[in-house]
Amino acid sequence: MNKTKMIIGKKHKKCKPHKINPGAVVTEPGSSIINKTGSWRSLRPEWDKKKCTQCMSCWMYCPDCSIPVLNNKRIETDFEFCKGCGICAKECIFSSIVMIKEKK
Amino acid sequence: MVRKVMEAATAVAEGVKLCKPAVIPLYPITPQTHIVERISEFVNDGDLDCELIHVESEHSAISAAVGSSSSGVRTYTATASQGLALMHEILFVASGMRLPIVMNVANRALSAPINIWNDHSDSVAARDTGWIQLYVESAQEAIDTTIQAFKIAEHNKVMLPIMVCLDGFTLTHVYEPVDIPQQGNVNRFLQKYKPSIKLDTKKPVTMGPIGYPDSFIHFKNQQKEAMLNALQIIKKINSEFNSKFHRKYGDGLIEMYNMKDAEYAVLCAGTICGTARVVIDNLRKTKNMKIGLIKLKSYRPFPVDSLINACKSLKGLAVIDKSFSFGFEGAFFTDVKSTLFNEKNKPLVHSFVGGLGGKDINTKDFEEIFNKIIKTKKPICEWLLKE
Ligand code: SF4
Ligand code: SF4
């Protein structure tokens, strides 16, 4: 494919400048890590560690992979990416997650 | 070379088999059904080693094709009419992601009223989706063009999806003698597909990301360039095909019939070109009329230079559209006029819209068209409504 040498993405501070690959293919893996999506959140999932049974439902359902797991246990939500959709709170049958208003 | 009498739909299926796609998502719709039925039989009988995905709609068929093509394997599907309309959203995704999917469209009218017969309104409505569109006239051209289509789409200067459009019923269901190319020859003509970028766990990439305002237009510009490259590549592959299989279709973009000394001509696409040829032969013999045919094979990319050359010494040109842009005019007509607009020597261009929903355009219609455009001094815009 004919690649254009032009560099784009300079305007986005967090984005590394990159080549325009035909079909908009991004060849560096893991580039979505740069693009933090947590700032969109209006509700915040508050996790009560004591009520948590570590059933892993929230981890499975979170569409943003925002529930990190360490040594087979879920740890505090990753608020850099959590969009506050509330799915984890809905799925936790142990009422260990409640959605509260995000304070800015 | 095996010469057999078969339906054009079967010929297309034979062509697909020879190209060995790895994945075919399929959803049957009249009048395309015979194509995918025949392909299913090939797979069932072990004659084609390929993953058939039976999907629940055409939207899913083309979505599955996008997925499969992204993973770097040769991908094919076929559709028609409402099915193509249902694919519309994903057609842009396929071309934007530069995926060389090959798809046959068995041209059929769109509802309402419900109509299963042939016209070109389905594929012409998909004109601006970024797909290459080739229209064919015969069963032989259908199989040959389908084979060429894989090579055009996968060419590294093109990398665009391609529709090979054949008239529903008047071609798909018509039996004609067809030369089926030999597998070995097709293997030599069409090499294995080696994508430059694909989804691969060993070398991960992201496909289908967001394009911000500063980058989006650049990707579209690349698509524009690829489409322009396709003009040359289609021509090149047409002559390569000719040297291997001894068959060619004009320059690959348009085909000219009796145009050398022609003063008047018709321009059309698909099966009605055959009717036009007969009428031209007759009128040349009996009335000594200097008339010819320009067959539009490649609608996108539009063959601007070939067309300008073909029209240089014409006095009148009748463009026949089997689709209509309501509130304006036939799409082929618009494009032909705009192509000739800045030329010094150009014919008077006339518009005839007909054949909608399967209404015949017969020899009488063509005779009348020729008689009218030879007599008139003013441009004609007309619908062919007579019985
Ligand atoms: S779903 Fe509830 S109980 Fe289960 S791991 Fe998540 S927070 Fe803990
Ligand atoms: S609120 Fe939504 S995004 Fe945030 S952790 Fe829960 S499921 Fe994930």
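Looking at segment A:27-50, which of its residues are within 13 Å of chain B (Cβ to nearest Cβ) and modelled with pLDDT of 85 or more? Scanning segment A:27-50 gives a single hit, A:THR27. Here the condition is being at pLDDT 95 or above, at positive phi and open to solvent by less than 50 Å² (accessible area, probe 1.4 Å); of B:GLY270, B:GLY316, it holds for B:GLY270 alone. Counting only residues that are assigned to a loop (DSSP other than H, G, I, E, B) and away from every other protein chain (no Cβ under 11 Å), segment B:162-199 holds 14 of them. Screening segment B:47-100 for residues that are hydroxyl-bearing (Ser, Thr, Tyr) and within 19 Å of the chain's Cα centre (by Cα) and picking the one that is surrounded by the most Cβ atoms within 10 Å (Cβ to Cβ) gives B:THR75.
If you go through segment A:29-45 and keep only what is in a helix (DSSP H, G or I) and either within 16 Å of ligand 1 (Cβ to nearest atom) or open to solvent by less than 70 Å² (accessible area, probe 1.4 Å) (or both), you end up with A:SER31, A:GLY38.
Can you say whether B:LYS235 is more than 14 Å from chain A (Cβ to nearest Cβ), part of a helix (DSSP H, G or I) and open to solvent by 50 Å² or more (accessible area, probe 1.4 Å), as far as the supplied structure shows?
Numbers: more than 14 Å from chain A (Cβ to nearest Cβ): yes; part of a helix (DSSP H, G or I): yes; open to solvent by 50 Å² or more (accessible area, probe 1.4 Å): yes.
Judged against the criteria, B:LYS235 is a match.
For segment B:253-267, a tally of residues being buried (at least 18 other Cβ atoms within 10 Å of the Cβ), closer than 24 Å to B:ALA230 by Cβ and among the hydrophobic types (A, V, I, L, M, F, W, C) returns 4.
Looking across segment A:53-77, just one residue is at positive phi and near ligand 2 (Cβ under 10 Å from one of its atoms), and that is A:CYS65. What number goes with the only condition from (1) open to solvent by 10 Å² or more (accessible area, probe 1.4 Å); (2) under 21 Å from the mean Cα position of the chain (by Cα) that B:VAL16 does not pass? Result: B:VAL16 fails condition (1) only.
Is one or more of the residues making up segment B:140-151 open to solvent by 20 Å² or more (accessible area, probe 1.4 Å) and within 10 Å of the chain's Cα centre (by Cα)? Talk me through it step by step, then tell me what you get.
Residues of segment B:140-151 open to solvent by 20 Å² or more (accessible area, probe 1.4 Å): B:140, B:151.
Those still in the list that are within 10 Å of the chain's Cα centre (by Cα) too: none.
Scanning segment B:140-151, I find no residue that is open to solvent by 20 Å² or more (accessible area, probe 1.4 Å) and within 10 Å of the chain's Cα centre (by Cα), so the answer is no.
Of B:LYS378, B:LYS372, B:LYS337, all but one fail to be exposed (fewer than 15 other Cβ atoms within 10 Å of the Cβ) and free of Cβ contacts under 8 Å to residues at least 60 places away in the same chain; the exception is B:LYS378. A single entry from A:ALA89, A:ALA24 fulfils the requirement of being within 14 Å of chain B (Cβ to nearest Cβ) and either within 15 Å of ligand 1 (Cβ to nearest atom) or open to solvent by less than 40 Å² (accessible area, probe 1.4 Å) (or both): A:ALA24. Among the conditions (1) near ligand 2 (Cβ under 8 Å from one of its atoms); (2) touching a strand residue (DSSP E or B) at 6+ places or on another chain (Cβ under 9 Å); (3) within 29 Å of B:VAL66 (Cβ to Cβ), the only one that A:PHE81 does not satisfy is (2).
Rundown of residues vs (1) over 28 Å from B:PRO204 (Cα atoms); (2) more than 15 Å from ligand 1 (Cβ to nearest atom), yes/no style:
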| residue | (1), (2) |
| --- | --- |
| A:CYS52 | yes, no |
| A:ASN71 | no, no |
| A:ASP78 | no, no |
| A:PHE94 | yes, no |
| A:LYS103 | yes, yes |
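The values are calculated or read from the model by the stated rules, or taken from the named source; none is laboratory data. Keep in mind that this is a model prediction, so the values were computed, not measured. With ideal geometry, Cβ positions are generated from the backbone for all residues, glycine too; neighbour counts draw on all protein chains shown. Ligands, DNA and RNA are stripped out before the accessible areas are found, and what is left, the full protein with its side chains, is counted by its heavy atoms. Shrake-Rupley method; radii C 1.70, N 1.55, O 1.52, S 1.80 Å.
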